[in-house]
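Read the structure below first, then the notes.
The values are calculated or read from the model by the stated rules, or taken from the named source; none is laboratory data. Since this is a predicted model, take the numbers as computed values, not measurements. Glycine also receives a Cβ, built like all others from the backbone with ideal geometry; neighbour counts cover every protein chain displayed.
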Amino acid sequence: MKKIILLSLLIGGVLFSQTAFAKKVKIGFVVKQPESGWFQDEWKFAEKAAKEKGFTLVKIAAEDGDKLMSAIDNLGAQQADGFIVCTPNVKLGKAIVRRAKQNKLKVMSVDDRFVTASGKPITSVPHIGISAYKIGQQVGESLLKEMKARKWQFKDVGAMALVYEQLPTAQERTKGAADYLIAHGFPKANIFMTPHELDNTEKSFNAGNTLIAKKAKIKKWLVFGMNDQVSIGGVRALEGNGIAAKNIIGIGINGSEEAINEFKKKKQTGFYGTVILSASKHGYESSIAMYNWITKGKKPAPITYTTGILATKANFRAVRKKLGLE
Ligand code: FCA
């Protein structure tokens, strides 16, 4: 009798652990701009983590708040365990947290950190983001270095400082670059804050055009903004207004497809360089952190800041190789 009980307990145990095993971990990765090279890269690295750890990755595009809320419900209905998100609007932070709770999902953010209605970061949600101000300073430093290499005089140069004011990480990036320039002698009066909506080439192109029309006398330009597509928009606006590529130094941030396509062009365009960010840290490490949270109950660090490295047309392949991107 004892033996039988023992045996059935044993079988029961095996069966139980098998069913426990059968429920594969499921993690969502929700991004605001699926068409952008940066988010494609993040997804790619998240997939690497999924393969390695054997969880199911659900990639979802959510370009606005409505899509994001239904994405969360959808993940809940699929019995996912948690999700990582780059939200289309950081002020949705509280609503996202609430919705995640309702759906019994763990949540962490990448790139764009959730803020409260008054703009304060929501620190209870683990976040992986770039050290935005520092990376902005890096952009400023690189602009200045190239300006010196071209022997430009401060007095002849205008700086188009594209800024997406609704997004804190964008503001910090642009401010970091502008502050660096000013701290190193660039006249503040020649730095033109150029606000644009959303972060895409079309919007920054339009904002750039408006500025150029007002500053027609300036023939040499620096261009910077929150990422590659934004800086490229500014550069295109200048080129479209007859400023030669050699008289433009545009620097972006991300180092994904948009920048690579620029560098691959035969002729040097006004887009001079990009600060390559770590898509692997944002895509792979966030996914691993979420997986460990789900499987081991280990909540990810409240905040992780990542760095970047400058690349130009001349060395982008070597830099990408070094970073394991090619
Ligand atoms: C933001 C930008 C992206 C990328 C990311 C790190 O989300 O929109 O292009 O720069 O931060």
Open item on the list: Could you check the stretch 68-87 and list, in sequence order, the residues that are more than 20 Å from residue 304 (Cα to Cα) and within 16 Å of the ligand (Cβ to nearest atom)?
Closed with: 68
Task: Residue that is basic (Lys, Arg) and over 21 Å from residue 169 (Cβ atoms), where the choices are 32, 48 - done: 48
Open item on the list: I'm checking my understanding of the structure. Among residues of the stretch 265-282 that are touching a helix residue (DSSP H, G or I) at 6+ places or on another chain (Cβ under 9 Å) and free of Cβ contacts under 8 Å to residues at least 40 places away in the same chain, which one is nearest to the ligand (Cβ to nearest atom)?
Closed with: 269
Open item on the list: What's the total number of residues in the stretch 120-146 that are within 12 Å of the ligand (Cβ to nearest atom) and part of a strand (DSSP E or B)?
Closed with: 4
Task: Sole residue being more than 16 Å from the ligand (Cβ to nearest atom), at pLDDT below 95 and not in a strand (DSSP E or B), chosen from 104, 48, 3 - done: 3
Task: Hits in the stretch 206-230 (condition: among the aromatic types (Phe, Trp, Tyr) and within 16 Å of the ligand (Cβ to nearest atom)) - done: 224
Task: Looking only at the stretch 178-206, and only at residues there that are closer than 16 Å to residue 270 by Cβ and part of a helix (DSSP H, G or I), the one that is farthest from the chain's Cα centre (by Cα) - done: 205
